[in-house]
Each structure stands twice: as structure tokens, then as C-alpha cells.
Amino acid sequence: MSNKKDTKQDKKSINLWPYGILSVILLGVVLITISIRISLKHPAPDNKPFFLKHDESDESINDFLANTKELQEHFNFYMQANSTNTPVTQDEVYKPYSPYLRPPHRDSKPNGIFETLVTKARNTIDILIIPIDGDPSKLSITAYIQKIGGAPVQEIFIYNPSDSAYTSSKPLDKSGWMLIGDLMQTQIPNPSQKTSGKAADKRGANNAKGVNDTRGTNDAKGVNDVSSANVEQVTFSTPAFEIENEGRWIISLQITYEGKKSILEKEFYSMDAHFHHILR
């Protein structure tokens, strides 16, 4: 009888805590293994803000920042969308910035002042450049676009005015950057660049009095025309392009000046033409 009682007592005294702890540990290992496998199959894409791999960006970041600072000492840049028929606004909020200084974002409509693109319609990005002591003719600018958040964009469409056709521009790699094209100098209305009537009348009066226009003589001596030497501002525009997705976008400018490459960018928000018209 005593042996049977001892056996029953031994069964009741079995401690299950070690088994519970071991089960939790094993479950944790299984979950970690699953998460690692998922992350390996679906790695977070590198958005390549400097168009270089992560390690290459780390190695070159100081050069990029130095080049950008030097570029901004020679020029002031202002960046807007669809300003073909109106002057680009000279406001601090329209200044592009280095990708290194990119503000945090979420995939939602921003508050306050923001630049908009129109979906399923032709867009252009216009850059107002005001020289400080630089020569705009030495600038070479290429524009790229990247979607932020949401489903990855497969392509945008570049408009060719010569044949009124569209060309597909697809992501260069997994970063999602798509080429818009090289910027060309454009003529956007700018009252400050117009010659005043008084100045023209005065020049005509001087010529009538026998006072010669010395611009040709000065050019022959190597002195440039003031109107071309002291350029007040110039405007560059991208080729027209069409996008289909609403949401946030980054427009990036690869700028080469005197052999040095810099990158400036700005965030835009795309919306349907109807809402865009209401906001405007």
C-alpha cells in the first residue's frame, strides 16, 4: 500500500515549469528563424539617394556635401512644378536640398505649402537659377524621379514633342529611380529681365546725338556685354512627363558644375487634375 501511495505522490509532485520555459524558448527560436527567412526573401530596398550603393555613399558622402555646399555658394536654386507660363517663385520653401538633409516623411498628404504633380497629365519640373558668381552655361542638369511608399511604380512616360509620342521610362534598378531627362534652358516670363522703356529711349537718344553705342567696341576689346555677363537669372525645365500614381515623389537633380557632381532634390505630391485645379 505504501508503495502505491509513494507513486501517486511522485506523479503529483512533477514540476511542469521547466517544460513551459523550454517551450517558450523553442517558440522564440522558430519565430526568429521565420522572420530571418522572410527578411532575406524580401529585403528592404536601398533607395540610393546619391545613386550609389550604401557603402559607396558612405565613402563619398563628404565629397558630395562639399560639392553641394560649393555649388550653392555659386547659385541659388528654386524648384517648382508646371511653372511654364508663370515665373518660378523665389521662396525658401521652394529651394531643393541635399539628400543628406531629406526630411522624414510618411505616405500621406502633407500640410501647408507643397508642390503638386498632376496624374495622367503632362508635367514639367522647372528650376529657377540665380547666379551669385557662377556661370549657368557651365551647368549640366539631369532629373530623376522616385516614388515614396505604396506599391512600386513600374514606369513613367516621357513626352516627345517632335512626334507627340510617349516613351516609357522604367526604374534603373531596385531603388526605383526613373530617368526624366536632361534639363534645357527655357524662356519663362520674368519682368526683371525686360529692358525698360526709359533705358531704350535713352539709348536711342544718345545715338541720335551722335553718342556711339560702345558695346561692339567693348566686345572687340574682350569686354562682354553686361546683359550677358551679369545674368540675373535663368530657368531650366525637364522634358514633359506623365505619371499615373497619386502620392509622394522625390525629384532628384544630378548637377555637374566645373567637373564636380552634386545632387539636390525636392519632394512633390501627385494628385488628380480635378483636386489640383481646386487647390490652385
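The values are calculated or read from the model by the stated rules, or taken from the named source; none is laboratory data. These numbers come from a predicted model, not from an experiment. Quick reminder, even Gly has a Cβ in these numbers, built from the backbone with ideal geometry, and neighbours come from all protein chains shown. When the accessible area is computed, the model is the full protein with side chains, heavy atoms only, and any ligands, DNA or RNA have been set aside. Shrake-Rupley method; radii C 1.70, N 1.55, O 1.52, S 1.80 Å.
In order along the range 91-102, phi translates into HN-Hα couplings of 9, 4, 5, 9, 7, x, 9, 6, x, 5, 9, 4 Hz, rounded to whole numbers, per the Karplus curve 6.51 cos²θ - 1.76 cosθ + 1.60 with θ = phi - 60° and x for Gly and Pro. The packing ranking of peptides 87-100, 250-263, 19-32, highest mean first, is 250-263, 87-100, 19-32, where packing means the average number of other beta carbon atoms within 10 angstrom of each residue.
Surface calculation, 1.4 Å probe, protein heavy atoms: K41 sits at approximately 140 Å² accessible. Per-residue 3J(HN,Hα) values for the range 120-126, derived from phi via the Karplus relation 6.51 cos²θ - 1.76 cosθ + 1.60 with θ = phi - 60°, read 6, 8, 6, 10, 9, 9, 10 Hz in sequence order (x marks Gly and Pro).
Taking H placed 1.01 Å from N in the peptide plane, check which residues at least 5 places from F75 or on another chain put their amide H under 5 Å from its amide H. Sorted by chain and number, the residues that satisfy this are I132. Note on S175 and D272: with the Förster distance fixed at 41 Å, the Cβ-Cβ geometry gives a FRET efficiency of about 0.90. Looking at this model, which pairs from K170/K261; K53/K147; K95/K174; K147/K174; K138/K261 are more than 22 angstrom apart at the alpha-carbon? Going by Cα-Cα distance, K170/K261; K95/K174 fall outside the 22 Å limit. 3J(HN,Hα) along the range 129-142, derived from phi through the Karplus expression 6.51 cos²θ - 1.76 cosθ + 1.60 where θ = phi - 60°, amounts to 10, 10, x, 9, 8, x, 10, x, 5, 8, 7, 10, 10, 10 Hz, with x in place of Gly and Pro.
Amide H contacts for L264 (H built 1.01 Å from N in the peptide plane; partners 5 or more residues away or on another chain; cut-off under 5 Å): L253, I255. Residues whose amide H comes within less than 5 Å of that of S83, counting only those at least five positions distant or on another chain, are D126 (H built at 1.01 Å from N in the peptide plane). Solvent exposure of H42, expressed as accessible area, is near 140 Å², computed with a probe of 1.4 Å over the protein chains only.
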